[in-house]
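S.K.: Right, I'll just put the structure down here and ask away after.
Please treat every number below as a calculation from the coordinates, not as lab data. Here the structure is a predicted model, which means the values were calculated and not measured. Don't worry about glycine lacking a Cβ; one is built from the backbone with ideal geometry, like all the others, and counts go over all protein chains shown.
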Amino acid sequence: MGRMKELVMEMEERFWDHAIDLVYECEVVEDFLSEVGEHRHLLPMHSDSEFTEVVVDAWNEYWQSKGHE
């Protein structure tokens, strides 16, 4: 695996580690977007719209798994 690909994968893993720590604190998706937005630099390969989409999807999946619709 190339060094650049490895670095990007490490950055993405760090982002999701932060996101997992924050998602339970945010009862509305806008709060979650704001909180994880501070770590946006860890996902440079995503456009702003892609970033928003994956973050909203992650928030929805988490809260649906907790029984919230």
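S.K.: Treating only the Cβ of Lys, Arg, Asp and Glu as charged (+1, +1, -1, -1), what charge dipole size does the chain show about its Cα centre? Round to the nearest 20 debye. Walk me through the numbers before you get to the answer.
M.R.: Working: 5 positive and 18 negative charges, 68 e Å.
Roughly 320 debye for the chain.
S.K.: Give me a comma-separated list of calculated 3J(HN,Hα) values for region 45-55, in order, Karplus coefficients 6.51, -1.76, 1.60 applied at θ = phi - 60°, integers in Hz, x for any Gly or Pro.
M.R.: 7, 9, 5, 4, 5, 5, 4, 4, 4, 5, 5
S.K.: Right, another one. Select from Leu7, Ser65, Tyr24 the residue farthest towards the positive end of the dipole of region 1-66; place +1 on Cβ of Lys and Arg, -1 on Cβ of Asp and Glu, and compute about the Cα centre.
M.R.: Result: Leu7, furthest along the dipole toward the positive end.
S.K.: What residue among Val23, Val36, Val54 shows peak mean-square fluctuation when the chain is described by a Gaussian network model with Cα springs under 10 Å?
M.R.: Val54
S.K.: Related question: So for region 3-65, considering every pair of alpha-carbon atoms, how many percent are separated by more than 13 Å?
M.R.: Working: 1164 of 1953 pairs.
For region 3-65, the share of Cα pairs beyond 13 Å comes to 60 percent.
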